[in-house]
Structures are given as C-alpha cells and as structure tokens.
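A.B. asks: One structure follows; several queries about it will come next.
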C-alpha cells in the first residue's frame, strides 16, 4: 500500500480516523497531493451526534495540515445542530450545505406499546407473519441479543445474535449468511449496521427503545432500500428508560473526577505515555469521555498525541514452551525464559507487558 501511494498508482485510500493519530503515517500523507478528503458518517464529528467519535474532531484540522484540495462530508442523519457543527468544523459555506429530505414513502412506521412480559410473544407473532423475509431485530444490550435470538431459535425461527462481544470470525459469519440470504433474522445491537447494504430487508423491529431519534432514523433506514414496502415496528416499553438513563449518567463525569484527571495530566513531564483504560479506572470516568477530553486539549494545543503503542502482547505456543526455548543457545534461552516468566499464563494465552519485562 505504501509503495502504491508513493508511485501514485493508488487513487483511493480508505482510512479509519483513529489511524490519523500516527505520526509516521501522517508524515507519509504529507508527501502526497490529496485532491479530496471524503468524510463518511460525518455526524461522528459532532458531540451532539448519536455516534460521537473524538478522533473525527481532528479531521478538519488535518485537512488543513495536509493541504487537502476539497472536503466532502456525508451523513444520513444530521439534525440542524449537528449539521451546523459539521459546517463550522470544516469551514463549509452555507450555500455548500446540501440537505435532502428524510421521508421514505415505502417505510411503514408502527409503535406498539408492550410491557416486558408481552414483548417476546409480540415479536414472535410479527416475525411468524412474514417468515421468509429478511429482518433485523435491534436490542440495547449484548445479553438481550443472545436471549432473544435463543428464544426465537427455540420457536423454530432462523435467528442469529450479533454484537460487539462476539469473536470476529463469528460476527463475520453472521453478517455473511444474512447478506447471502441464508439466515433471515439477525438480533443485534447497534454494532450491526456499518456496511450493511442489503436492499431487500423487509422489516426492522426495535425490541428496545432506540437511544435517540437519530439512532432510530439510522436503524430503520436499513429497511426497504429496494423501494418496496417495508415495516418498521417499535415495541415500546417504559422499562427501557432505566437502561438509557444509565447510559446518559454513565457518560457524564462529575467535576471532581475531571479536575483530578486534568491535574494528573498537567503534572506529567514534557513527554509521557498513558493508558485510557487505566485512567478510566483511576478517575471513574468512561474511556470515551477521557478520549473526548484529550481531543479537545489537543485541538487547543495543550497536548499532542504522537503514536499509539501496545501495553501488552498475547502469545499462544503452537509447540511446548520448552521446545521453543531449546532452539536457542544458553544465553538467549535464559533471556527468553526470564521474559516469559514476567507474563501471566492463562489457559491458552501468555500475556506479556513490555514495561514489566524491561524492569
């Protein structure tokens, strides 16, 4: 890929925004003439959006640093407030902001109030009425995805669970079978969505309340992309509000925690490393909130991220550890033994922390 960039044979490069935190990668990009930066899912730029990712905030500044010829920012769900922040971030003129309508005449939107005890049977009846049609059932929690998929399977329906807690190959398998039309029902958290462009999804069911109107728009927007009639059913229950309120409160740190975190940061030497996961536990602030704070401090010139690094490595021995060590001379074998001894052995994986090994 790097060779293709250098010799000009690559015309399109797909990059995750988080990749742009790497100084070496940025140095390579600065040598190139970039005619356009297209930002997909641009609502992620906005902290008022439904899927805020702090690294998106840096894209506008990067576009300037890289002398990008033009910027195209695209999103299917931007409220006026989010659209304004996108335009402000990228210095997009008012006349260059194009907004089409949200109305999809082929989607029928239904809300059916149900208490918790009725919801499974209501979902089952709805799915049984259209047994062979592709459908997505959206839930809030990973465990709910497993429970609902298990219930539907027990009733003879070809349902599969999909959430961020599954192994990569299992998630890939579920997505591929659904796209190929072999598994018609997926019970999923919002992890199931990016890259799902299946034209004939006939129904979207919300087993739980969506997190926001923008989430709801994004999720039902996956139905009926072939223009044929499709149904969107929200099985609304007031008991879902508690979970959604917990998310909101969990994302809102108190002043004392933030002050403690900022005091920790300003007490660091000129160059230092940090673990967002460790800081999250130390100051009782969620990782996303810490990343947001660090991004704003970076945009204001207080700190600068240089590159990510790995705090630990996991090894699985394909032959016995003794066999591995026996292939080296005494000095190197001793060194390897001492490195391995600093790790923590699980059933399969040996977890090594370079800092511990170095010490």
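Every number here is computed from the coordinates shown, using simple stated rules; none is lab data. What you are looking at is a predicted structure, and each value in this text was computed from that prediction instead of being measured. When we count neighbours, we look across all protein chains shown, and the Cβ atoms used for this are built from the backbone with ideal geometry, even at glycine.
A.B. asks: How tilted is helix 255-266 with respect to the longest principal axis of the chain? Cα atoms for both, answer in degrees (0 to 90, nearest 10).
C.D. replies: That works out to roughly 30 degrees.
A.B. asks: So how tilted is helix 168-179 from the main axis of the chain? Cα-based, degrees 0 to 90, rounded to 10.
C.D. replies: That works out to roughly 30 degrees.
A.B. asks: Something else about it: With an 8 Å Cα cut-off and a minimum separation of 6 or more residues, compute the relative contact order for region 2-96 in percent. Could you put the intermediate results ahead of the total?
C.D. replies: Values: 95 pairs, mean separation 26.3, N = 95.
With pairs under 8 Å counted, the relative contact order is 28 percent.
A.B. asks: Let me ask something additional. What percent antiparallel are the DSSP beta bridges of the chain, to the nearest 5?
C.D. replies: On the way: 5 of 30 bridges.
Roughly 15 percent of the beta bridges in the chain run antiparallel, per DSSP.
A.B. asks: If you don't mind, another one. So what is the 222 nm mean residue ellipticity for the chain from helices alone, if each DSSP H run of at least 4 adds -39500 (n - 2.57) and you divide by all residues, rounding to the nearest 500 deg cm²/dmol?
C.D. replies: On the way: 16 runs with 149 residues, N = 359.
-12000 deg cm²/dmol, from helical runs alone.
A.B. asks: Also, I was wondering about something else. Taking 8 Å as the Cα distance limit and 6 or more residues as the minimum spacing, I'd like the relative contact order of the chain as a percentage.
C.D. replies: Working: 451 pairs, mean separation 52.4, N = 359.
After rounding, I find 15 percent.
A.B. asks: Another question about this same structure. Kindly put 179, 37 in sequence by how many other C-beta atoms sit within 10 Å of each C-beta, fewest to most.
C.D. replies: 179, 37
A.B. asks: Averaging sequence separations of C-alpha pairs under 8 Å and six or more residues apart, then dividing by the length of region 107-244, give the relative contact order as a whole percent.
C.D. replies: Numbers: 244 pairs, mean separation 49.9, N = 138.
Worked out over region 107-244, it gives 36 percent.
A.B. asks: Nearest 5 is fine: what % of DSSP beta bridges in region 88-230 come out antiparallel, could you say?
C.D. replies: Working: 0 of 13 bridges.
Given both bridge residues lie in region 88-230, the antiparallel proportion sits at roughly 0 percent.
A.B. asks: Tell me the Rg and the Dmax, in Å, that the Cα atoms of region 313-358 produce.
C.D. replies: When restricted to Cα atoms, region 313-358 yields Rg and Dmax of 10.6, 28 Å.
A.B. asks: Going by alpha carbons, how many degrees (0 to 90, nearest 10) lie between the helix axis of 80-90 and the longest principal axis of the chain?
C.D. replies: 30
A.B. asks: So if I restrict to the alpha-carbon atoms in region 144-278, what is the Rg, and what is Dmax, the biggest pairwise distance, in Å?
C.D. replies: Rg then Dmax for region 144-278, in Å: 19.9, 62.
A.B. asks: Region 2-96: percent of C-alpha pairs farther apart than 23 Å?
C.D. replies: 26
A.B. asks: State the label only: which of (i) 46; (ii) 55; (iii) 51 corresponds to percent of Cα pairs over 30 Å apart computed from the shown model?
C.D. replies: Working out percent of Cα pairs over 30 Å apart from the coordinates points to (ii).
A.B. asks: A further question on this structure: From the P(r) of region 253-299, can you give the percent of Cα pairs sitting at distances over 18 Å?
C.D. replies: Values: 213 of 1081 pairs.
Every Cα pair in region 253-299 considered, those over 18 Å come to 20 percent.
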